[in-house]
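Participant: Below are the structure tokens for one structure; questions will follow.
Every number here is computed from the coordinates shown, using simple stated rules; none is lab data. Computed from a predicted structure; not experimentally measured. Backbone-built Cβ (ideal geometry, glycine too); neighbour counts: all protein chains shown.
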Amino acid sequence: MTAGSCSFPRNASGPGTSSAGDANQATKVKILILGGDGYLGWPTAMHLSAGGHEVAVVDNYLRRNLAREEDSEPLYELPNLAERCRLWREHSGKRVEPFIGDLCDWDFVADVFRKFTPDAVVHYAEQPSAPYSMLRRGAASLTLHNNLGVTLNTILAVREFCPDAHIVKLGTMGEYGTPDIDIEEGWLDVEHKGRSHKFLYPRQAGSLYHTTKVMDTDLLWFYVRMWDLRVTDLMQGPVYGMVTYENEDRPDLYPHFAYDEIFGTVLNRFIVQAVAGHPLTVYGKGGQTRGYLNIKDTLNCIRLSIENPAGRGELRIFNQFVETFSVNDLAERVKYVGDEMGLGVKIERIENPRKELEEHYYNPAHTGLLDLGLEPHPLTEDVLKGLIEVVQAHKDRIATGRIFRGVKWT
Ligand code: USQ
């Protein structure tokens, strides 16, 4: 058992089987990606397909539809999922099979799992935005029902159609919040009145979206204990970038790149703001610190998790990020590189629409994925310059009115 995992005692063959042994048995894995049209889902599909795995993707375009409803259109136009699969086939010679439908609908889920019975399921199929979840009653309800509904259906489908399959679930570092002690990798040994026990690390999320991820983890842990599922839950920080190994010269294979307040994450937003000549929108004091990663690191983390699966009856948790930065650090870095490129970047500290600590302790562990062989891509000046150049190529599509609307948390 690794530091970031917990197995429930089992009668049949003992606690969690060895990860390394499982990985060596199968080089080609049949992988179903739930949420395969999203910012991370589509690049993951291409990456795993390029790596020789057999891949299918499922999506109902929830993210695209919500973005349209909220006037949060991405930086560039995107082909639909069937077209993406065709383009990928042309480009790579490899086939990715698309399924379009709602994973909250059990009949659809059962149909997909019967047609494509996977060895591994990557579960991204959630409403992914914290600001969206705080917008209004309907958005809160959609976030809760969609996220928990898809997670439950995924668990039930694995149990019914492929009980040995490995579920790789995207959680979030935001499950832990910002406690005033070190954050461990998923679990905490608690000593109490002379006895000790390992528990899930205490979670105290900062938005309804992040709270649904806490609930997902609880659901997964419950069913790992009941049904000996294999699960890896990845506590991911904010991701940046759009260029991956598979799409370097193919903008038509870029992922959904959002820069608006609802669906855009902070560094992607700052890059677009720098290109548009909009002041960088630092919320409050800007001391909010998070763990960040390049989109290429996300792909490698998912691949490494699949190729080194959790054992039966094991909930394995990794903290998925490579570097920590405060919002101020990010703004200063974007300003420095932007100014070198002649953009004349300004930073503006605006009243924080969110309810969060703006200065706090932050020291999360993150050794599990490094131990599996992750080689991080740090946020260098060259990386920032490359991102700015890609956004510059789409400058005419930036709608500055989308950059800030002030969705209040309270
Ligand atoms: N922030 C600013 N200015 C902005 C946008 C954000 O100062 O213009 C600040 C936020 O207040 C926050 C930090 O930057 O303190 C990160 O915000 P974000 O919007 O990049 O990320 P967040 O809403 O937390 O959510 C994103 C993804 C989510 C993922 C999460 C990882 O949308 O799916 O789970 O990052 S984490 O933040 O570690 O919880």
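Participant: What percent does the relative contact order of segment 205-363 come to when contacts are Cα pairs within less than 8 Å and at least six residues apart? Show your work: numbers first, answer last.
Facilitator: Values: 222 pairs, mean separation 53.3, N = 159.
34 percent.
Participant: In debye to the nearest 20, how big a dipole does segment 270-399 give about its Cα centre with +1 on each Lys and Arg Cβ and -1 on each Asp and Glu Cβ?
Facilitator: On the way: 15 positive and 19 negative charges, 81 e Å.
Magnitude of the dipole: close to 400 debye.
Participant: Right, here's the next one. Inverting the mean 1/r over all pairs of different Cα atoms, compute the Kirkwood radius of segment 27-113 and quote it in Å. Numbers along the way, then the final one.
Facilitator: Working: mean 1/r = 0.0738 Å⁻¹.
Its Kirkwood hydrodynamic radius stands at 13.5 Å.
Participant: Any chance you could list P(r) for segment 256-375, counting all Cα-Cα pairs in 5 angstrom bins from zero, rounded to whole %?
Facilitator: Cα pair-distance distribution for segment 256-375, in percent: 2, 10, 17, 18, 17, 14, 11, 7, 3, 1, 0.
Participant: At q = 0.13, 0.15 Å⁻¹, what is the base-10 log of I(q)/I(0) for segment 111-200 according to the Debye formula with one equal point scatterer per Cα and no solvent? Please give it to two decimals.
Facilitator: Evaluating at q = 0.13, 0.15 Å⁻¹ gives log10 I(q)/I(0) of -0.67, -0.82.
Participant: Any idea what % of Cα-Cα pairs in segment 153-283 are farther than 24 Å?
Facilitator: Values: 4267 of 8515 pairs.
Looking at segment 153-283, the distances longer than 24 Å represent 50 percent of pairs.
Participant: So how do CYS85, CYS104 line up by other beta-carbon neighbours within 10 Å, fewest first? All intermediate terms of the calculation are to be shown ahead of the outcome.
Facilitator: On the way: CYS85 24, CYS104 18.
In increasing order of surrounding Cβ atoms, one gets CYS104, CYS85.
Participant: Then there's this: Mean separation of Cα pairs under 8 Å and 6+ residues apart, divided by the residue count of segment 285-348: what relative contact order is that in percent?
Facilitator: Relative contact order here is 43 percent.
Participant: If we count every other residue with Cβ under 11 angstrom of LEU152's Cβ, Lys/Arg +1 and Asp/Glu -1, where does the sum land? Write down the numbers at each step before the final one.
Facilitator: On the way: positive: ARG159; negative: ASP216.
Cβ neighbours under 11 Å give a net charge of 0.
Participant: P(r) tail for the chain, what percent of Cα pairs lie past 39 Å?
Facilitator: Numbers: 11850 of 83845 pairs.
Summing the P(r) tail past 39 Å for the chain gives 14 percent.
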